[in-house]
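Down below is the structure, laid out as structure tokens.
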Amino acid sequence: MIPFTFKSTIASASGLDEGPRADSWGITSPEKTREERADLPFPGETARLANVRPADWRNPTPQALYQLLVIGAGPAGLLAARAAAVLGARVALIERDQLGGDCVNDGCIPSKSLIRTGRLMADMRNAANFGAMPPTELAFDFRAAMLRMRRITARISRRNSAMNLARDGVDLFFGHARFTGSDTVDVDGLPLRFKKALIATGAHPMLPDIPGLAEAGYLTNETVFDLKVLPRSILVIGGGPLGCELAQVFARFGARTIISHSEPLFLPKEERDAAQMVSDALARDGVEIHLNSTVVKVAVENGRKVIELCNDGNTATTVVDEILTGIGRTPAVQGLGLETAGVAYDAESGIHVDDFLRTSNVRIYAAGDVCLEHQFTNTAEASARIVVRNALFFGRKRMSALTVPWCTYTDPEVAHVGMYVKEARRQRIPVKTFTIPMHDVDRAVADSEEYGFVKIHVREGTDRILGATIVARHAGEMINTVSLAMVAGIGLRAMSSVVHAYPTQCTAIRQAADAYVRTRLSPRILRWARRWLRR
Ligand SMILES: Cc1cc2nc3c(=O)[nH]c(=O)nc-3n(C[C@H](O)[C@H](O)[C@H](O)COP(=O)(O)OP(=O)(O)OC[C@H]3O[C@@H](n4cnc5c(N)ncnc54)[C@H](O)[C@@H]3O)c2cc1C
């Protein structure tokens, strides 16, 4: 173990309020050894569990017939159950584990909380660049950072707590749901009947098939946020959003971090220049990068994990304390009795749905990670909203009509909405792209946040936005402006006349729109304007 030290008191460890104190982010002065702290329980855990899985919860007596029965209380299930109940429907919601699903408990919220601490660490390391004199040695309290994350998840889990769901009129059942017929479900021996049902069971981490990995032990998103001690070294397998985000976090926390990815660039779905910038950023943070590499074998020697990595036939060996796998997600379709209910599915893409999110059983719909290609919280919630309308109100809302942005929260962030160029080309849509590098954006320069670009694709000859990729420190915030324009049918011409607050990084989007408008100044118009002004 590293001789790593901690402060003995943790500021507001049991409180829920967040303040800007440096010690609440996990950056403290050292006093207590990490081994001493490792065994202490997380104080925020009791508050979170009281919201997401109250120990004294008693399932209600089932009603004769539910208008909507929802299986899974992640973002999709919670949204559908609450919306339907508030509108007056008789709703049953079944959750076998914890309310909130991956997002609150094992995904978005814990990862973003730790990313924030990592960002602060990076900023503090770079403090002298801003004229702030950094401490001679920057200490880091992993446990305090994890406690902050726990306080945040506890606080956010309050919104969809068991009590709040019951107050909204949702009949909440804790237990494993399994279809026993085309309109019946069993919850640990309790039979429920429904008119319409929604399957929102989400996804599990996909596990790599590597000899020795299971025996050596590894972390997934379901266990990494329970770590009590910062590993001295960690191998992250998989360079998708999860792998890239957490590799950067561990490196910024001070762990020796290695990332291995089987393809030539990280974030395979993103544009190449965006993925390259993430690679550069990870390298700047000291992550050891192995692209085009696969882990072929894991063994344990002297309590440490010995990894064999293969690149182009060459094998290298490295030794780490922990392994985190993030190679993708598998839809949660097992043990649901889908065959009994007549719901078609396959293990890879999950439950088969049409554009209205109906399954092969007319009474049953699906939403979220269990059936969608894009596995994000915003997509899960948007699809659940569609199901409530279509299942209960004869709606004809289509999934394909949605415009969904997403973001990988590395530093810089990579955000995208709409079409990629390769996709447009595949569909033979002529594309013109307007790119503004962030080093041409005044606020990005003033903030020393110049890495990145805004790229907006339009249909050639028009100002209709097809899609956009933004790489910037706050790309996740910026992309929403482009989404709004796309949903509202606002083209680049109109966007160029939107006056932005100055200086802001979002101005990059207006600069891209200005670049479009300049292309509309034909030589004839320019000649006319010059003649007019010479009068
Ligand atoms: C590390 C990580 C970071 C992420 N970060 C982001 C991010 O920044 N932004 C973003 O948009 N997305 C992010 N995601 C993705 C996001 O968490 C998921 O897309 C979202 O949670 C999907 O919601 P869902 O409701 O479909 O499923 P889930 O959240 O998986 O919920 C499904 C629920 O169903 C329950 N269930 C399953 N089977 C049964 C059964 N038979 N009976 C009863 N209950 C059952 C499960 O216990 C679970 O609670 C992240 C994911 C991970 C892993």
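Quick notes on this one:
- Selection count, segment 177-201, where residues are under 21 Å from the mean Cα position of the chain (by Cα) and open to solvent by 20 Å² or more (accessible area, probe 1.4 Å): 1
- Filtered residues of segment 369-390 (kept if without any contact (Cβ under 8 Å) to a residue 60 or more places away in the chain, within 9 Å of the ligand (Cβ to nearest atom) and part of a helix (DSSP H, G or I)): N378, T379
- Within segment 218-257, considering residues that are among the polar types (S, T, N, Q) and in contact (Cβ under 8 Å) with a residue 12 or more places away in the chain, the one farthest from E270 (Cα to Cα): S233
- Cβ-Cβ under 6 Å pairs, at least 6 apart or on other chains, segment 439-466 side farther than 29 Å from R425 by Cα, far side open to solvent by 80 Å² or more (accessible area, probe 1.4 Å): E450/H439
- Residue check for L68: of a type outside the set (D, E) and either surrounded by fewer than 23 Cβ atoms within 10 Å (Cβ to Cβ) or within 13 Å of the ligand (Cβ to nearest atom) (or both): no
- Residue among R116, R150, R159, R96 that is at pLDDT 95 or above, closer than 30 Å to E413 by Cα and within 16 Å of the ligand (Cβ to nearest atom): R116
- L78 being in contact (Cβ under 8 Å) with a residue 40 or more places away in the chain and either assigned to a helix (DSSP H, G or I) or exposed (fewer than 14 other Cβ atoms within 10 Å of the Cβ) (or both): yes
- Members of segment 83-98 found to be out of contact with any Pro (no Cβ under 9 Å at 6 or more places or on another chain) and surrounded by 24 or more Cβ atoms within 10 Å (Cβ to Cβ), listed by number: A84, V91, L93, I94, E95
One line per residue, one yes/no per condition, for (1) more than 15 Å from I199 (Cα to Cα); (2) modelled with pLDDT of 95 or more; (3) not aromatic (F, W, Y):
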residue	(1), (2), (3)
F356	no, yes, no
I364	no, yes, yes
T377	yes, yes, yes
S400	yes, yes, yes
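- Selection count, segment 303-327, where residues are touching a strand residue (DSSP E or B) at 6+ places or on another chain (Cβ under 9 Å), open to solvent by 30 Å² or more (accessible area, probe 1.4 Å) and either at positive phi or touching a residue at least 60 places away in the same chain (Cβ under 8 Å) (or both): 5
- L338 vs. criteria at pLDDT 95 or above, within 16 Å of the ligand (Cβ to nearest atom) and touching a Leu at 6+ places or on another chain (Cβ under 6 Å): no
- Among (1) among the small types (G, A, S); (2) over 19 Å from Q375 (Cβ atoms); (3) surrounded by fewer than 21 Cβ atoms within 10 Å (Cβ to Cβ); (4) at pLDDT 95 or above, the one test that G240 misses: (2)
- Qualifying position, being closer than 17 Å to T408 by Cβ and of a type in the set (A, V, I, L, M, F, W, C), among V278, V320: V278
- Output for segment 391-419, where each listed residue is open to solvent by 20 Å² or more (accessible area, probe 1.4 Å), of a type in the set (S, T, Y) and outside any helix (DSSP H, G or I): T403, Y409
The values are calculated or read from the model by the stated rules, or taken from the named source; none is laboratory data. Computed from a predicted model, the values in this text were never measured in an experiment. For neighbour counting, all protein chains shown are included, and Cβ atoms are generated from backbone atoms with ideal geometry for every residue, glycine included. Just the protein is used for accessible areas: all its heavy atoms, side chains included, with ligands, DNA and RNA removed. Shrake-Rupley method; radii C 1.70, N 1.55, O 1.52, S 1.80 Å.
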